[in-house]
Amino acid sequence: MNKPQQDAAISAAEQSDPFGKTDPNDSPSSNLAEETLRIALIGNPNTGKSTLFNRLTGVHQHTANYPRVTFEHHIGYFSIDQQKVELIDLPGTYSLTPRSPDELIPFELLLEQSQHPVDIILCVLDGNNLDRNLFLVSQVLELRRPVVIAVNMLDVATRHGKEVDLDQLSQVLGVPVVGIQANRGSGLDRLKETLMRTRQSPPTHAHQPFPAEVDQVLDQLSYEVNQCKGQPDPSSRFLAARLLFDADGFVLPLFSAEAQAQLRDELTAARQKIVSSDLSLPQQESEFRYQWIQDRLSSFVHQKDHSDQATSTERLDYWLTHPLWGLLVALVVMVIVFQSVFMIAEPASAGIEMIQAWLGSGVDALIPEGALNSLINDGLIAGVGAVLVFLPQILLLFFILAILEDTGYLARAAYLMDRFMARIGLSGIALFPLLSSFACAIPGIMSARVIPDRRERMITILVAPLMSCSARLPVYIIMIAVFVPDYRYLWGWLGLHGLVMMAMYLVGVVVAVGVAWILKRTLFKGGASTFVIELPTYKMPNLANVVQRMFDGGWAFVRDAGTIIVAVTILVWAASYYPRSADLPAEWLAQQEELQAMIDQLPEDADEETMEELQQQLEGIESAYQLRQSFLGRAGRAIEPLVIPLGWDWRIGSAAIASFPAREVVVATMGVIFAQGDDVDEESPGLRQALANATWEGSDRKLFTLPVALSLMVFFALCAQCVSTLAVMKRETGSWWWPVFTFCYMTILAYVAALVVFQVSNPWWG
Amino acid sequence: MIQQIDSPRTAHMDCGTIVNRTPVNVADLQRGQSGIVASLQGNPQDVASLAELGLRRGTVVHVIRRGSTSIIKFNSQRLCLRLGSDVSLLVFPQN
């Protein structure tokens, strides 16, 4: 087929039935009503796209993922009269040029001509910033698919003295244009009517933003694309433009190997023609499209008010981006975020733990003690609880971040923090995920999605677990309370306990800075990258958007990380439970008898707390023995030669292994190992006493000393003992490689640091 | 590879008096000062991304906050911008 024949075929196809879906013998209206209308929603960031999406679909939406990439988007449903509509909310983008595997997904989705192609592309534009928004529209129009433009934020344009002529814009673009106010829900009925009318109507005229010499090159490339496909493709012009300007080489591999071979030479020749005309790629695409926009802008945007009066956003920005006041406000906001996640979420998490305990006692009442009881209590309930206990923190953090983002403040905070973060190879926006990780690395890692640059996002994710999270606190508290002397300085205002606690937090921060620096120069090599973030107009947050993002974050965690966490918790339970011995050896029986005698000799008016503690210790003796000869205990004894240089014995080693699902488990595990029962925490006097009195097996030498306590704290400060964190990391990076890498590097780091701390401090304080 | 925007199309350069015909780095502009983009050079991916935002030869840029991380305004938008070590944005300063 020659080119004129191709063009005629494309034109006929567009006018009658562009996608070959309808049977000419069927009634058009009934056939269309049966099929779901698929609409892709696209637009720049901060145009109110999500607000429109939520307005149209309400609660009828879900998140869709793609394998091997972290790209995800929302799909929602609504009806226009009797017609069911599927609305696909693509991530905000300034351009359809793919520059990463993630950015190929929306690109392919818009081109998709499989069983369920997108029927209409709905572009949402910011009425106050049409020139930049029209760049994307210029690319979309080349798809030659039905397009509807929704111009949002016209009230903002009016405040800036602009009047937008929607009819004229429609004539210029050749597609319907509707004015909407998404936050108020106005204009939506007209938008829906327009969508129904447009479903089989591509643009009325071809979009040609390029000069003649480039047009000729694109015509030829379009012809070649159609030849490769074997049939005319209405989007061939779009594909030709993408191929021509695609310096990163993402588009050509979308074609078959045969087509690539056919197109490669043609592409080289096409680029040579443009280069020889004194034009360079791919920036020329921007140049030509913006020139096309600039030449026409004044025909549909009329500047009524030329005064230079500062807007409310500009007035607010004077203070909120001020080097001093802005920084103070940002620090206050960060303290609020940190404190909120740490303190407000804690009661909710405590509530979940109470429910766990209530369920556990219910199981105890129904199922006698044994393997099944233990599996349900210590495996399933503990596993599910280990997932749900993080949910309040995750939901709260995403709620706060969504508010900060929706109002437009997050971008300002990123600007203020950038000059500090840039010194360690990160950008300002990375501070929020890292700060959140002080409460818990799980929501911190998930919130790294706000970082646009992939390298910086990866570095942030990989160092976030080094921030001392709340799960490390039990270890710090018990070790400091029992083994660090309570010296006071500055007239009692400053205590050594507090200073050591602060030092543990600083250990993580200092090491994180170093690791980020190394990663930036090795695995994520590259010079200081360009950091660009739009500072949108300030606005009130849209509650629907905020709540949606909050639940998205929570559900993603429960669905993807939760299953792994439950599975690993059950595995560790099994390792600590089996194998079991029916009888206790003589020496353990003697300990039980001795303790029973003590209980029997207690006076009738003895303190209930003392009674309970002794009872717990009595039950703890059997638990301690069973743990000793379980797989976990044997593993602890197997690694003992490795942990002795850290000042540990097999019992501390077993506790470290058992804490892999969750760090805070280490205290309860130590309670079992040191025969205090598993119902202890860092405040339990019995456990503190047991640790203070513990000796190396077969000797009177104290097991726990200050150097041992320091090495244990440093190990837990730097280790990756949290399967939840690793599971979330897998989810956010799309690969198991990164969690494995993180576990390895953090374990090695923790081991070496603990070794150094013990070996250096032991001669002095051992 | 260095890519330079060098288009003959500068019809939109109508933005006041150019103080100095020698282009300077945008980071050298003072707060409140504006400049006309003379060239945007460097890493092709970063340059292409900035060009897609409308930052191209002839665009008038106003500096809201100066520094290595700055806030600039052009074409009805405000951006926080820190250029990578391999990107340079040169402007003709205006009054």
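Computed values, structure above
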| read-out | value |
| --- | --- |
| Residue list for segment A:621-630, restricted to those being open to solvent by less than 20 Å² (accessible area, probe 1.4 Å) and assigned to a loop (DSSP other than H, G, I, E, B) | A:630 |
| Considering residues of segment B:81-95 that are more than 13 Å from the chain's Cα centre (by Cα) and either among the aliphatic types (A, V, I, L, M) or facing chain A (nearest Cβ under 7 Å) (or both) only, the residue farthest from residue A:293 (Cα to Cα) | B:85 |
| Among the residues listed as A:110, A:122, A:130, the single one being in contact (Cβ under 8 Å) with a residue 24 or more places away in the chain, farther than 30 Å from residue A:735 by Cα and away from chain B (no Cβ under 14 Å) | A:122 |
| When residues of segment A:292-340 are limited to those that are modelled with pLDDT of 90 or more and acidic (Asp, Glu), the one surrounded by the most Cβ atoms within 10 Å (Cβ to Cβ) | A:317 |
| Yes/no for residue A:411 being within 19 Å of the chain's Cα centre (by Cα) and within 14 Å of another protein chain (Cβ to nearest Cβ) | yes |
| Matching entry among A:552, A:486 (being touching a residue at least 24 places away in the same chain (Cβ under 8 Å), acidic (Asp, Glu) and at negative phi) | A:552 |
| Residue A:197 being under 30 Å from residue A:84 (Cα atoms) and without any contact (Cβ under 8 Å) to a residue 40 or more places away in the chain | yes |
| Which listed residue is among the aliphatic types (A, V, I, L, M), surrounded by 13 or more Cβ atoms within 10 Å (Cβ to Cβ), free of Cβ contacts under 8 Å to residues at least 24 places away in the same chain and within 23 Å of residue A:654 (Cβ to Cβ), from A:589, A:595, A:618 | A:589 |
| Considering residues of segment A:414-449 that are β-branched (Val, Ile, Thr) and open to solvent by less than 10 Å² (accessible area, probe 1.4 Å) only, the residue nearest to the other protein chains (Cβ to nearest Cβ) | A:429 |
| Filtered residues of segment A:631-660 (kept if in a loop (DSSP other than H, G, I, E, B) and without any contact (Cβ under 8 Å) to a residue 40 or more places away in the chain) | A:639 |
| Selected residue (only one of A:530, A:522 is of a type outside the set (D, E, K, R) and open to solvent by less than 40 Å² (accessible area, probe 1.4 Å)) | A:530 |
| Test for residue A:406: is it open to solvent by 10 Å² or more (accessible area, probe 1.4 Å), more than 22 Å from residue A:718 (Cβ to Cβ) and under 16 Å from the mean Cα position of the chain (by Cα) | no |
| Among the candidates A:679, A:649, residue that is surrounded by fewer than 23 Cβ atoms within 10 Å (Cβ to Cβ) and modelled with pLDDT of 85 or more | A:649 |
| Matching residues in segment A:207-245 - criterion: being touching a Pro at 6+ places or on another chain (Cβ under 7 Å) and closer than 20 Å to residue A:265 by Cβ | A:226, A:245 |
| Top-ranked residue in segment B:50-75 [being over 12 Å from the mean Cα position of the chain (by Cα) and surrounded by fewer than 18 Cβ atoms within 10 Å (Cβ to Cβ); ranked as farthest from the other protein chains (Cβ to nearest Cβ)] | B:66 |
| Matching residues in segment A:217-264 - criterion: being in a helix (DSSP H, G or I) and within 14 Å of chain B (Cβ to nearest Cβ) | A:241, A:242, A:244, A:245 |
| Pairs, first closer than 20 Å to residue B:85 by Cβ in segment B:20-40, second small (Gly, Ala, Ser), C-beta under 6 Å, six or more apart | B:23/B:38; B:29/B:35 |
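The values are calculated or read from the model by the stated rules, or taken from the named source; none is laboratory data. Everything numeric here is computed off the predicted structure, so don't read it as measured data. Counting neighbours? That spans all protein chains shown, and the Cβs are built from the backbone with ideal geometry, glycine included. What goes into the accessible areas is simple: the full protein's heavy atoms, side chains included, and nothing from ligands, DNA or RNA. Shrake-Rupley method; radii C 1.70, N 1.55, O 1.52, S 1.80 Å.
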